[in-house]
1. Would you please name the residue that is surrounded by the most Cβ atoms within 10 Å (Cβ to Cβ), looking only at residues in the stretch A:96-122 that are in contact (Cβ under 8 Å) with a residue 12 or more places away in the chain and of a type in the set (Gly, Ala, Ser)?
2. Filter the stretch B:189-212 for residues that are open to solvent by 30 Å² or more (accessible area, probe 1.4 Å) and hydroxyl-bearing (Ser, Thr, Tyr) and give the result.
3. Answer with yes or no whether residue B:263 is within 14 Å of chain A (Cβ to nearest Cβ) and in a helix (DSSP H, G or I).
4. Restricting to the stretch A:114-136, give me the number of residues that are more than 13 Å from chain B (Cβ to nearest Cβ) and outside any helix (DSSP H, G or I).
5. Could you please let me know if residue B:390 is free of Cβ contacts under 8 Å to residues at least 12 places away in the same chain, out of contact with any Cys (no Cβ under 8 Å at 6 or more places or on another chain) and open to solvent by 40 Å² or more (accessible area, probe 1.4 Å)?
6. Which one of these does residue B:171 not meet: (1) within 29 Å of residue B:107 (Cβ to Cβ); (2) outside the structural domain of residue B:344 (by TED's automatic domain parsing)?
7. Can you tell me which residue in the stretch B:66-88 is modelled with the lowest pLDDT, limited to those that are within 11 Å of chain A (Cβ to nearest Cβ) and under 26 Å from residue B:148 (Cα atoms)?
Amino acid sequence: MGKKRLTMRRKESIYGYIFVLPWIIGFLAFTAGPLVFSFAASFTNYNITSQMDFVGGENYQGLFTEDSLFWTSLWNTLYFVAFSVPLTTLGAIFLSALLNQDIPGIRFFRTLYYLPAVLSGVGVYMLWMQLLDPGTGMVNLVLSWFGIDGPNWLFDPDWTKPSLIFMKLWSVGGSMLLYLASMQGVSKNLYEAAEIDGANTWRKFFHITIPMITPVIFFDVVTSLIGGFQIFQEAYVMSNNGEGGPANSLLFYNLYMWKQAFTNFNMGYAMAMSWILFVIVFFLTIINLKLAPRWVHYEGEEK
Amino acid sequence: MNKTRSFIFVLAALVLFLSGCAGFQTSSNNEEANKEENTEGKTVIDFWTFWGSEIRRPIIEKMIADFNESQDEIEVKHTYLPFGDIWTKELAAIAAGDPPDVVINDINATALRGQKEQAMNLSQFLEQDDISNRFYPELWDATLYEGDSYGVPFNTDTRVLFYNKDAFEEVGLDPENPPTTWAELEEYAAKLDKKSGDNYDRIGFYPLWGVGYDVWLLNANGQNYFDEQNNFQIDTAKNEEVLNWLKSFKDRYGEDVINSYQAQIDSQQGHPFFSGDLAMIVQQPTFYTQIRDYAQDLNFGVVELPEYEEGNGHTSWGGGFVAEIPAGAKNPEASWEFIKYLTDVEAQTYWAVQNFDNVANIEAAESAAESTEFTEDGTMVYQKAVENMEHTLLTPVPVIAPDFSSFINPNMDEFFLGSMTAKEALEKSQTDVENLIKKNQ
């Protein structure tokens, strides 16, 4: 018998592979496969059903030089990301700092602020469309109590993106939970030591709490940056006919890509768009990772 | 010991993997199995629609059941998919080589789907069995790409003017003589306005509720932006005048009044036309079903759209849906038989009467207009809807620039918001769309 007996080590690694096999197959079939396919097809005039001819870099060239909507959609998306990511991060930290107090009834408030994160999708957008209605919406009604003449929110191109950012701020509960958990994990010893040294609340917050939660801030910034670039549903639901109006102010990158793919059937073109977005997000994430060691502190890290 | 353990490991992994596969099975499989026994020997075809509401679903399923009973060769199975998903799913199914057999799709992009070979060219069937003269020519023409049809018109719609007769009487207008020109429309609207202080108790008419600026441009020009040679023309002196006319209504009533009325219309509770706070509105004839359900006592009339000036024509705008066979469907002959039934007089009349919907089949539309199932008001509206088809134009998307409206609407938004003049908006639209055509060529 020429059969070699497997060593324990090899056997274990084979078992390991067997266990992750469903994931590997799923990854190859549903993630890596489409990824490679979309890259290849971005150099063709693929329209899903009848044609797939190699056109070289024509899609990419067309996007950069001839397509004004491409630039509009990229600008809208960058605007949204540039404001929503820092604001929601700050909002979530602020909120979790408030909810990290030891006062009676705090569980109730934590639940209350987390609730919006549980509710999601189209129902919430519909609700916000009513709240933001310029004539009859609650938001402008409340503003009017303070003598403020509220803007036209979703009907004024200058206010549509701020409206969405405003809406996003309402649902920071999800990341708030992460911050809260990490704040509660900060060792009490540190605070006690600081108190003995005479530090006040602010100093404790900025010199202990914030540094200790930087890993979570880092995680949150990276994921919400990636998520921010993928904004689609909000614009699709909250603009008239899903067109990204008024005046293209809600035409986000993914919405335009979707329109190219599924209403104009320019799938190759849309795939080229998706790769450009991939490169942008990839570079921003690399920059994030490179900057991280300068401000992210891991406990127990050798300095 | 070791062997059994490794066997169990492999088994466990396999079970885990296979149970994952079960997720792909659709729940409809059980129903299919139940039906299997009486479909033996028949060709089973899958019919996709987005008609799942409690009103429409029973109607379409009754039509399918009638078809299934009428012969013993073909068994049609209905699959409901939500409006937001149906066509992307269809596209994926076509690409995967396993499409449904008949699909209801948007009439305006039929030629585009023909060009992209998503829909089957129907000329092979039409050569033997020409049913094109069943339908309104405007609808039939919208299904053609390079002279061949890629879908069969099923239903359609149009736009008409609803007006409140009591309000007319109150201000001394003849309720049997609704406005016929834009000038009259404007004059009557001003008469019907009822103001108390800064607020309006009643608005006479606002042209951009119910329809967009594009319908008024179509009405004024009597034709689409694209001519038969695909030449695009929007930057004209007449269009500039039309846009300014539309905006004059907004300037007269004021932004706040328009917004608060708009909110009432959008919220679909307490439509101002039902409560008499709005005297005239352009709507689809099916708007009548809402009046019937929510404002039974409303004394209203319905008339074709007023014309730009006398003799210009009462051009209106419509759309609709076609029944088509996706490319790669397995039993096109059976699909064709079913489509023929679906667009024939009997089925179309049933659909028209039950849904109060405009249908594509001329004979069916006319017989529905005579239906005794409608009330007096219903008959009046339906007859006007059928008559109005002769004024109704469709705006099929040109294959050369299917997304041209993305290059016009934003400019029009800017115009109505006041950040562009009509001339600027039209000039920019003209250049942008011309560039788009050049890019796509």
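1. A:96
2. Within the stretch B:189-212, B:196, B:200 qualify.
3. Working: within 14 Å of chain A (Cβ to nearest Cβ): yes; in a helix (DSSP H, G or I): yes.
So residue B:263 fits the description; yes.
4. Residues of the stretch A:114-136 that are more than 13 Å from chain B (Cβ to nearest Cβ), as a first pass: A:114-120, A:123-125, A:128.
The next check asks that each one be outside any helix (DSSP H, G or I); those that pass are A:119-120.
The total comes to 2.
5. Yes: the conditions hold for residue B:390.
6. (1)
7. B:88
For (1) within 19 Å of the chain's Cα centre (by Cα); (2) assigned to a helix (DSSP H, G or I); (3) on the phi > 0 side of the Ramachandran plot, each residue gets a yes or a no:
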{"position": "B:317", "(1), (2), (3)": "yes, no, no"}
{"position": "B:321", "(1), (2), (3)": "yes, no, no"}
{"position": "B:334", "(1), (2), (3)": "no, yes, no"}
{"position": "B:338", "(1), (2), (3)": "no, yes, no"}
{"position": "B:346", "(1), (2), (3)": "no, yes, no"}
{"position": "B:365", "(1), (2), (3)": "yes, yes, no"}
{"position": "B:374", "(1), (2), (3)": "no, no, no"}
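The values are calculated or read from the model by the stated rules, or taken from the named source; none is laboratory data. In this text, all values refer to a predicted model and were calculated from it rather than measured experimentally. Don't worry about glycine lacking a Cβ; one is built from the backbone with ideal geometry, like all the others, and counts go over all protein chains shown. Keep in mind that these areas ignore ligands, DNA and RNA; they rest on the heavy atoms of the full protein, side chains included. Shrake-Rupley method; radii C 1.70, N 1.55, O 1.52, S 1.80 Å.
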